[in-house]
1. When segment 1-43 is examined, which residues are found to be assigned to a helix (DSSP H, G or I) and crowded, with 22+ Cβ neighbours inside 10 Å?
2. Name every residue in segment 44-94 that is hydrophobic (A, V, I, L, M, F, W, C), in a loop (DSSP other than H, G, I, E, B) and over 24 Å from Asn114 (Cβ atoms), in order of residue number.
3. Enumerate the pairs (first residue in segment 22-50 and basic (Lys, Arg); second residue anywhere and part of a loop (DSSP other than H, G, I, E, B) and surrounded by 17 or more Cβ atoms within 10 Å (Cβ to Cβ)) with beta-carbon separation below 9 Å, excluding pairs fewer than 6 apart on the same chain, so at least 6 apart or on different chains.
4. In this structure, is Asp68 at pLDDT 95 or above, surrounded by fewer than 22 Cβ atoms within 10 Å (Cβ to Cβ) and charged (D, E, K, R)?
5. Applying the selection to segment 100-135, what residues are surrounded by 13 or more Cβ atoms within 10 Å (Cβ to Cβ), of a type in the set (Lys, Arg) and at pLDDT below 60?
Amino acid sequence: MTVPSLIASADTIRLTSNWLRSMKGVESCCFWFGQRPAEGAAVVAAVVVPRQRNNQGHYFVEPSAMIDVANVARPRGWKNLAQIHSHPGDWVSHSGYDDEMANSRRALSLIYPNYGHVPGMWRYRGWIARLWPAALPAEIGVTAFLDDRWQRLDQPSANLAVTIGSVPPPKLIDLR
């Protein structure tokens, strides 16, 4: 399987970070959804937040909550492009629990450090708008399902998998 590629706006990075940080010291998750074209990169159209149980060391999404997510995505023709969650520290690789709980092997898996914190420049729209093209913050871990297992991508591969581009900002759909 090849690594999926997608385009996210700086607003996608910032919105995701802000939402994860709003959970105040617990692991949490959300998904990036959009249409996946037959060729080329998919564009992130929405950040979808499912109902979930959260604590400092992990999160859990009930199957019924994933049905709610599917009911939002299906009529729009959206596919799960990336599953995103936070970790308590700087370590942003998949744990065994993350491997087990991954929603889709066709989606990328991104892990934000420190319960969603990213470098300060990503929190301010004015700065980022002047930096095009920007690279995905190196602090965010990108994992893909390759050769029958989840593998953390090195930074050059992560930057090819997730391009930060000048695309419309995503919708936030909070299903909690």
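The values are calculated or read from the model by the stated rules, or taken from the named source; none is laboratory data. Only a predicted model underlies this, so the values are computations on that prediction, with no experimental measurement involved. Because the Cβ atoms are built from the backbone with ideal geometry, glycine has one as well, and the counts that use them run over all protein chains shown.
1. Our first condition is that a residue be assigned to a helix (DSSP H, G or I); within segment 1-43, this holds for 10-22.
Those that are assigned to a helix (DSSP H, G or I) and crowded, with 22+ Cβ neighbours inside 10 Å: Ala10, Thr12, Ile13, Thr16, Ser17, Leu20.
2. Of the residues in segment 44-94, the ones hydrophobic (A, V, I, L, M, F, W, C) are 44-49, 60-61, 65-67, 69-70, 72-73, 78, 81-82, 84, 91-92.
From what's left, in a loop (DSSP other than H, G, I, E, B): 44-45, 61, 78, 91-92.
Across segment 44-94, the qualifying residues are Ala45, Trp78.
3. Arg36/Pro4; Arg36/Trp78
4. On the way: at pLDDT 95 or above: yes; surrounded by fewer than 22 Cβ atoms within 10 Å (Cβ to Cβ): yes; charged (D, E, K, R): yes.
In short, yes.
5. Hit for segment 100-135 is Arg123, nothing else.
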